[in-house]
1. State the extension gain, in nm to one decimal, for the chain segment bounded by V304 and V176, taking 0.36 nm per residue of separation less the distance between their alpha-carbons.
2. Sorted from fewest to most neighbouring beta carbons within 10 Å, what does the list E241, E266, E200 look like?
3. Per 0.36 nm of contour for each residue apart, how much would the distance between S77 and T90 grow if the chain were fully extended, relative to their Cα-Cα spacing?
4. So, counting K/R as plus one and D/E as minus one, what does the shell of residues with Cβ under 10 Å around G158 add up to?
5. Under a plain spin-label model, where a point goes 7 Å from the Cα along Cα-to-Cβ, how far apart in nm are V106 and Q237?
6. Test of understanding: what is the full-extension gain from L312 to L215, defined as 0.36 nm times their sequence separation minus their Cα-Cα distance?
7. Quick one: of K14/K250; K39/K194; K39/K96; K39/K82, which pairs are farther than 32 Å apart, Cα to Cα?
8. If I model a spin label as a point 7 Å beyond the Cα along the Cα-Cβ vector, how far apart are those points for A157 and T98 in nm?
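No value in this document is a laboratory result; all are computed from the given coordinates. Please read all numbers here as calculations on a predicted model, not as lab measurements. Glycine also receives a Cβ, built like all others from the backbone with ideal geometry; neighbour counts cover every protein chain displayed.
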Amino acid sequence: MKFLPLIWSGIWRKPGRTILIFLQVSVAFALFGVLQGLKTGVAHAVAAARADLLLVHSRESYILQPLPLGLLDQIRSVPGVKVAIPVELTGATYQKPTEGIGIVAVSPEDDWPSPQKNGSTDWAFDVVGTFTDSDVGVGRARFVLISFPYFDEARAAGKATVNHFNVAVSDPKLAVPVADAIDRRFANSSHETKTESLRELAQANVQRIGDFDFLLQAVVGAVLVALLFATTTMMIQSTRERTPELAVIKTLGFTDHAVFLLILAEALVIFLGGAALGLALATLTLPLAARFVLGLSMPGVVVVIGLVSGALMALVSAAVPAALAARLRVATALGGHGAA
């Protein structure tokens, strides 16, 4: 405890420099926390995606190449298929052009009766309820479900075609063989299909941006290396400026070992304080972002890893200046020649 005043005094000898290092560390570890939260969110989205819900779409193009509605009966006849429904996707606006929404036209196995076609571009619907969907990775998804027969009969183009079919299997373990059976049934036809589970699609979307874990690690690594270089340089400069003070401390009886630990302790206080602030900011930010992207969170182990990393970076960045301070020759320093 008797060394705390010395540590505190050393930290605030140059307030501007101390604040700069503190802010650098805070920003670096806030980024570290946010990226780890993003990693957790991606992992959550993939794990939450259903493995028992299959999407049957055209092998040529998921969006641009529709499938004929006539494939539905053949899909339903595949062993292991529990439910199969047509799904058509389109966009629309609600009340004003800036209010865009997605339209998902679906049909239960017992088709609803179709209303009369009137040729108007204004669509009228009766809102019969609201819903939540755990398979959607956005907290505030803007889309509505409508009757596929109603939509199909009233539209002017693309009649009797769908974007894809949703297929639920009777047992999640049957997802892969059922998907293969559906694709084999339409192989070499004019409408070849590709059947994937929601989980497979989620994994494929992550893989499209490359090795996600590697990208995160590369970004975090680059930030921490740059931080380490900058803080080490500033701490070496600070130690050289304090040469006379350190010489006086040694004259008063402080050993080389004590001086070495004193410099390390100053670095630990700054780095741990900055890392704690950065991680706290990330922890407070992620719940707000999770309203829009489900699954973003800060696991407790990430906080521990962040604090440990902050301590290690403090020791590494302070090792050289602490060694210079420990090797300081009192007579040379007081004579104005600096550290040996």
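1. This chain segment gains 42.1 nm when fully extended.
2. Neighbour counts put them in this order, fewest first: E241, E200, E266.
3. Value of the extension gain: 1.9 nm.
4. Values: positive: R155, K159; negative: E88, D152.
Every neighbour counted, the sum reads 0.
5. 6.1
6. Values: separation 97, 0.36 × 97 = 34.92 nm, distance 2.25 nm.
Answer, rounded to one decimal: 32.7 nm.
7. With Cα atoms farther than 32 Å apart: K39/K96; K39/K82.
8. For the pair A157/T98, the computed spacing is 3.0 nm.
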